[in-house]
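Chemist: One structure is given below, represented as structure tokens, and several questions about it will come after.
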Amino acid sequence: MLNLLPTTLRFLLGSLLWLDFSHPPLPPVVLPARTPLSFQLRHEHAITNDSRVIFSNVASSFAADSYVMNTSNIQTHRPQSAKAFHSARLRSIRYDQSEQVLWDTTNVLGPNVEERETLLTLAKMTSNAYTSPTASDWYTQDGWNNSTPFGWEPDADGIRGHIFVSDDNSTVVLSFKGTSAGWITGGGGPTVRKDKLNDNLLFSCCCARVGPTWSTVCDCHQGGSRCDQECLEKSLTGESLYYSVGLNLYNNVTYLYPEANIWLVGHSLGGSLASLIGVTFGAPVVAFEAPSERLAATRLHLPSPPSTQHITHVFHTADPIPMGTCTGVTSSCGIAGYAMETRCHLGKVIRYDTVTHLKWSVDVRSHSIVQIIERLLSEDWTQKEGRAVPEAKADGDDCIDCFNWEFGSFKDKS
């Protein structure tokens with residue numbers, strides 16, 4: 001078990017380490033497309049209530065069996081240096097001015113998202129971020145052994161997940177747990193408070209100001225439909241925000257596996273977190289039923305690469321959360337105290353039209369990753385064009401978040 005440094009110090013040290021170019025890391029090995037990779041569970045990770053990252057090696061009996069997936073070549077864009085990336089982000093934050101970031105365009109081996117079996121395996125790995133191998137809801141693969149228990153620290157109350165590594169150490173899959181919300185899953189747990197805070201900060205228009213009776217998560221609302229932009233952006237820099245912790249987690253994984261290609265997967269909030277980290281580092285991402293994160297990336301002032309096509313969102317039309325329709329005080333989200341108001345995604349979207357083709361009713365309970373595994377990915381999608389998986393397409397430029405709000409410099413002004 002390894003307890004690392006506090007979040008702020010880790011972020012600083014991680015940035016400084018990234019700035020060392022005297023020994024640049026070797027590029028990831030690019031194997032032929034559709035090369036199958038076999039993954040084993042090696043580590044689990046968690047965040048404690050004092051913002052420490054915890055890694056735990058998994059017992060060998062759990063790492064004995066494998067998850068197998070086919071791959072494809074994916075073009076991605078990575079900043080040439082942390083210095084250029086952070087300089088551009090800082091200039092945007094301080095002066096609202098853009099600065100050129102030089103990007104390295106490269107091809108890496110990523111998951112083949114056109115194959116249902118690959119999506120199904122990634123979904124199971126993502127679902128397992130919510131649980132442990134001894135639990136009844138752990139998805140086994142190829143005789144996965146459930147005989148030896150392991151768990152997280154009792155005080156871990158932040159992001160959680162697992163780290164899977166391919167047999168040849170060339171590829172690492174980092175999975176993130178989404179929101180532990182009893183109103184959807186019937187469960188809960190120690191991460192509920194911070195999960196909800198991150199949801200309401202990242203995916204609301206203005207600090208979860210849905211109605212006059214709502215308690216906001218920051219004091220940026222300035223009356224009516226006005227919201228202070230600078231205040232909003234400052235609210236996303238707190239210690240409890242998962243993006244900052246996720247950056248350090250990613251750097252820790254690259255330290256453990258410096259020559260490996262990193263994939264990021266997650267469900268719901270975990271999928272949006274995976275996407276934000278993936279656009280920062282140029283890592284392939286598959287996100288399931290994730291709330292729309294494009295607005296959050298803008299508010300975080302993340303420099304925009306030439307393309308974000310290495311990010312793939314997978315969701316269906318009966319789930320109002322990724323569709324951006326779980327809004328308003330009378331919605332299921334609103335009644336539970338969640339302001340899930342965004343609708344525009346980064347990257348490309350594999351959208352299953354379950355409402356039209358399967359006659360599913362729009363219901364927030366279909367948001368569960370178990371529903372995706374058991375009902376959506378259990379068989380090929382043959383309702384359109386004879387494809388096993390719907391075609392991935394980007395959200396159009398006409399997608400606009402929070403169009404009915406006015407953002408500007410309003411705070412402390414009459």
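Chemist: Tabulate in residue order the Karplus-calculated ³J(HN,Hα) for region 353-364, using 6.51 cos²θ - 1.76 cosθ + 1.60 with θ = phi - 60°, rounded to whole Hz; enter x for Gly and Pro.
Modeler: Residue by residue, region 353-364 yields 7, 6, 5, 6, 8, 10, 6, 6, 7, 5, 7, 4 Hz.
Chemist: Give a residue-ordered list of calculated ³J(HN,Hα) values for region 313-325 (Karplus: 6.51 cos²θ - 1.76 cosθ + 1.60, θ = phi - 60°; whole Hz; x for Gly, Pro).
Modeler: Result, ordered by residue: 9, 10, 7, 10, 6, 7, 9, x, 6, x, 6, x, 10 Hz.
Chemist: Going 7 Å from the Cα of Ser98 in the Cα-to-Cβ direction, what parts of region 72-92 have a backbone nitrogen less than 16 Å from that spot?
Modeler: Answer for this model: 85, 88-92.
Chemist: In terms of modelled amide H atoms, which long-range or inter-chain residues lie less than 5 Å from the amide H of Thr171?
Modeler: Amide H to amide H, under 5 Å and 5 or more residues apart or across chains, Thr171 pairs with Ser166, Asn261.
Chemist: Rounded to the nearest 0.05, what FRET efficiency do Thr213 and Lys411 have when you use their Cβ-Cβ distance and R0 = 22 Å?
Modeler: 0.50
Chemist: Right, here's the next one. Is any residue of region 287-302 close enough, with backbone N under 17 Å, to a label point placed 7 angstrom from the Cα of Asp397 along the Cα-Cβ axis, and if so, which?
Modeler: No residue passes the distance filter.
Chemist: What residues qualify as long-range amide H neighbours of Phe176, i.e. H under 5 Å apart, gap of 5 or more or another chain, H built at 1.01 Å from N?
Modeler: Val265, Gly266, His267
Chemist: State which entries of Lys234/Lys393; Lys83/Lys348; Lys124/Lys393; Lys234/Lys348 exceed 25 angstrom in Cα-Cα distance in the structure shown.
Modeler: With Cα atoms farther than 25 Å apart: Lys234/Lys393; Lys83/Lys348; Lys234/Lys348.
Chemist: Oh, and also: If you take the square roots of the eigenvalues of the alpha-carbon gyration tensor of region 335-376 and sort them as a ≥ b ≥ c, do you get rounded (a/c under 1.5), prolate (a/b over b/c) or oblate?
Modeler: Oblate is the answer for region 335-376, as a/c is 1.5 or above yet b/c matches or exceeds a/b.
Chemist: List the extent of the Cα atoms of region 213-293 along each of their three principal axes, largest first, rounded to whole Å.
Modeler: Sorted from largest, the Cα extents of region 213-293 read 51, 25, 18 Å.
Chemist: Using a simple spin-label model with points 7 Å from Cα along the Cα→Cβ vector, what separation in nm is obtained for Thr330 and Ser87?
Modeler: If labels sit at Thr330 and Ser87, their model points lie 5.4 nm apart.
Chemist: Could you tally the net charge around Glu374, taking each other residue with its Cβ under 14 Å from the Cβ of Glu374, Lys/Arg +1 and Asp/Glu -1?
Modeler: Cβ neighbours under 14 Å give a net charge of +1.
Chemist: Specify, per residue and in Å³, the volume enclosed by the convex hull of the alpha carbon atoms belonging to region 313-414.
Modeler: 139 Å³
Coordinate-derived values only; no laboratory data. Note that the coordinates shown come from a computational prediction; the quantities given were computed from them, not determined experimentally. For neighbour counting, all protein chains shown are included, and Cβ atoms are generated from backbone atoms with ideal geometry for every residue, glycine included.
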